[in-house]
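Okay, structure first, notes after.
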Ligand SMILES: [Zn+2]
């Protein structure tokens, strides 16, 4: 299967019992691949390859939302590197312990600005669900990994509240810092949350609130 979610944003499929999406972010003949899921049936590497080969797309980047194993399975990442030897694997620094088996990793600390066919692709480090949370901003959309939205809480309780608030602030400032970028769509990488026409600032204001029960 392949499903278009927005201009240049395609869900290739969902993988493993955790149902993690693998995504193609495309512009002008080039693309990035988002998430390296574990899989039991069809391989995301084979499915992505079939699509990019059919359309003659150049794979420039391999990127990932956070280092939990359902999203970041090192052998899947390695297989993508082997299949697309000219691509660049770009990960937040916190991935290092889990990415030891991988070669040629480009690490960043806070922000990475990449370029797909002339269109910017931003990676923004902002931990809330995990210590490697990497938000992906492309063509007016944002992928927020496994963030719970509209609440300060998260499934993973290990990131302290002050760090979460700082991360939310960071995301709220980011569109201004890059000159007034308009984020109007939001997707989870599991492909179980799809929001269009969002008020990004308002949604993040709500996310600062520590709601009881959730
Ligand atoms: Zn997940």
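Things to note:
- Positions within region 27-59 being within 16 Å of the ligand (Cβ to nearest atom) and within 22 Å of residue 97 (Cα to Cα), in sequence order: 34, 35, 36, 37, 38, 39
- Yes/no for residue 14 being within 16 Å of the ligand (Cβ to nearest atom), assigned to a helix (DSSP H, G or I) and either more than 23 Å from residue 119 (Cβ to Cβ) or touching a helix residue (DSSP H, G or I) at 6+ places or on another chain (Cβ under 8 Å) (or both): no
- Subset of region 46-65 [within 16 Å of the chain's Cα centre (by Cα) and part of a loop (DSSP other than H, G, I, E, B)]: 64, 65
- Qualifying residue in region 36-45 (condition: in a strand (DSSP E or B) and either at negative phi or more than 11 Å from the chain's Cα centre (by Cα) (or both)): yes
- The numbered conditions (1) in a loop (DSSP other than H, G, I, E, B); (2) crowded, with 19+ Cβ neighbours inside 10 Å are all true for residue 22 except (1).
Let's see how each residue does on (1) farther than 25 Å from residue 13 by Cα; (2) within 16 Å of the ligand (Cβ to nearest atom); (3) surrounded by fewer than 15 Cβ atoms within 10 Å (Cβ to Cβ); (4) modelled with pLDDT under 95:
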{"residue": "118", "(1), (2), (3), (4)": "yes, no, yes, no"}
{"residue": "128", "(1), (2), (3), (4)": "yes, yes, no, no"}
{"residue": "165", "(1), (2), (3), (4)": "yes, no, no, no"}
{"residue": "171", "(1), (2), (3), (4)": "yes, no, no, no"}
{"residue": "176", "(1), (2), (3), (4)": "yes, no, yes, no"}
{"residue": "188", "(1), (2), (3), (4)": "no, yes, no, no"}
{"residue": "196", "(1), (2), (3), (4)": "no, no, yes, no"}
{"residue": "199", "(1), (2), (3), (4)": "yes, no, yes, no"}
{"residue": "212", "(1), (2), (3), (4)": "yes, no, yes, yes"}
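- Region 66-112, residues that are under 20 Å from residue 49 (Cβ atoms) and in a strand (DSSP E or B): 72, 88, 89, 90
- Subset of region 46-59 that is out of contact with any helix residue (DSSP H, G or I) (no Cβ under 9 Å at 6 or more places or on another chain) and free of Cβ contacts under 8 Å to residues at least 12 places away in the same chain - its residue that is surrounded by the fewest Cβ atoms within 10 Å (Cβ to Cβ): 54
- 3 or more residues touching a residue at least 60 places away in the same chain (Cβ under 8 Å) and touching a strand residue (DSSP E or B) at 6+ places or on another chain (Cβ under 8 Å): qualifying strands (runs of 3 or more DSSP E) within region 118-214: 119-125, 134-138
- Remark: residue 110 falls outside the filter, which requires a residue to be closer than 26 Å to residue 79 by Cβ and over 14 Å from the mean Cα position of the chain (by Cα).
- Residue check, residue 62 modelled with pLDDT of 95 or more, in contact with a helix residue (DSSP H, G or I) (Cβ under 9 Å, 6 or more places away or on another chain) and more than 16 Å from the ligand (Cβ to nearest atom): yes
- Residue count, region 65-79 (criterion: away from the ligand (no atom under 15 Å from the Cβ) and surrounded by 21 or more Cβ atoms within 10 Å (Cβ to Cβ)): 1
The values are calculated or read from the model by the stated rules, or taken from the named source; none is laboratory data. The model shown is predicted, which means the values in this text are computed figures rather than measured ones. Please note: Cβ atoms are built from the backbone with ideal geometry, for glycine as well, and neighbour counts cover all protein chains shown.
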